[in-house]
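K.L.:
Mind looking over this structure? Questions follow.
FYI, it's all coordinate maths here, none of it is from the lab. Here the structure is a predicted model, which is why all the values come from computation and not from measurement. Cβ coordinates were reconstructed from backbone atoms using ideal geometry, including for glycine residues, and neighbour counts include every protein chain displayed.
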Amino acid sequence: MNSESYEEKATRVAEIFRKEREGTTGYDNLLSFGASIDPDYWEAYRYNGWGFFTPQNKRHLDHMTREMIVCGVLSFRDRPGVYVHAKNALKEGATLNQLLEVFEVALFPGGGPSRMVRLETLKRIVDEDPSLVVEKRPWRFDAEEVARNVPEKETREEKIKRVTETIEKANGYVDEAISFGVELDPDYFDIYSRMHWSFFEEKEGFLTPIQRELIVMAVFAFRGFREELYFHSKKALRLGASMEQLLECFQVCVPPGGIALLHEGLRTLKKIHDEAE
């Protein structure tokens, strides 16, 4: 490509972004616009970012999982690119139910405001291809059954102990801040313990427990929640993930989340490594 003119390179690089991100904004995308003005920088950006993690570049995570992790971060950020990466995940073999679970898991560390982005994305995909709605969930969480199993007569101290142990079991670690919250308001955290991470526990659903942890870790890293990132990274390792897989989780999130996300992940991995040493 050394013999190509500036105009030829600008056209070529812009076309790469246009094809990769078709459908992002409806008529074109800003990356192709940037590439048409400064093709040298944007070509380097692509190959150092998402262009490095192609379906053919087999490393530590399968490409479907990479796409789903990026979907989690982009849905939290309320970015239109979530549609493109959701479609890419489907191309790599993901199902609609897996994508829905990605967004459900991302809701845990990211909060509710972006949930409409997630549902709008899935609805747009289903409107385009209704045949994608084919699977039923292999297991269900019965909130009413859980409520029925709560002891009718328990003291405040007994409730605090039960709820604290439930949350600690689901998280896989002791969170002193949440434990303090349970002591202050056990009724609220009784409901909290049923709806958040304990909803999934460590069951095989449409995602594996490790995939869920990677999605949660990516959002926590983006938000700079170091303590939560540390504990969920430890939990992913306990579930069988490798340090290389955890690192790749942070690497693929540099384009949607920025270099600070990678640095947060590296700090966490080094801390875990140093503790092991």
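K.L.:
Please state the relative contact order of the chain as a whole percent: Cα pairs under 8 Å, 6+ residues apart?
P.N.:
Working: 286 pairs, mean separation 52.3, N = 277.
Relative CO of the chain lands at 19 percent.
K.L.:
Enumerate the helices in the chain for which the Kyte-Doolittle hydropathy averages -1.0 or more and the C-alpha atoms extend at least 18 Å along the helix's axis, using complete DSSP H runs.
P.N.:
Numbers: long enough: 6-20 (21 Å, -1.18); 63-77 (21 Å, 0.55); 96-110 (21 Å, 1.00); 115-128 (20 Å, -0.44); 156-171 (22 Å, -1.54); 209-223 (21 Å, 0.98); 226-239 (20 Å, -0.94); 259-276 (26 Å, -0.14).
Result, helices passing both filters: 63-77, 96-110, 115-128, 209-223, 226-239, 259-276.
K.L.:
Between ILE259 and PHE225, what FRET efficiency follows from the Cβ-Cβ distance if R0 is 22 Å, with the result rounded to 0.05?
P.N.:
Numbers: r = 17 Å, r/R0 = 0.79.
Efficiency, from the Cβ-Cβ distance: 0.80.
K.L.:
Want the number for VAL126 to TYR173: 0.36 nm per residue separation, take away the alpha-carbon distance, what's left? Intermediate values should be presented prior to the final figure.
P.N.:
Numbers: separation 47, 0.36 × 47 = 16.92 nm, distance 3.80 nm.
Extra length from VAL126 to TYR173 when fully extended: 13.1 nm.
K.L.:
State to the nearest 20 debye the size of the charge dipole of the chain about its Cα centre, where the only charges are +1 on K and R beta carbons and -1 on D and E beta carbons. Don't skip to the end; give the middle numbers.
P.N.:
Values: 38 positive and 48 negative charges, 53 e Å.
Dipole size: approximately 260 debye.
K.L.:
Express in % the proportion of alpha carbon pairs of the chain at distances exceeding 35 Å.
P.N.:
Values: 9414 of 38226 pairs.
Counting pairs separated by more than 35 Å, the tail of P(r) holds 25 percent.
K.L.:
Ignoring everything except DSSP H segments at least 4 long, calculate the 222 nm mean residue ellipticity for the chain; use -39,500 (n - 2.57) per segment, divide by total residues, nearest 500. Walk me through the intermediate numbers first.
P.N.:
Numbers: 16 runs with 189 residues, N = 277.
Here the helix-only value at 222 nm equals -21000 deg cm²/dmol.
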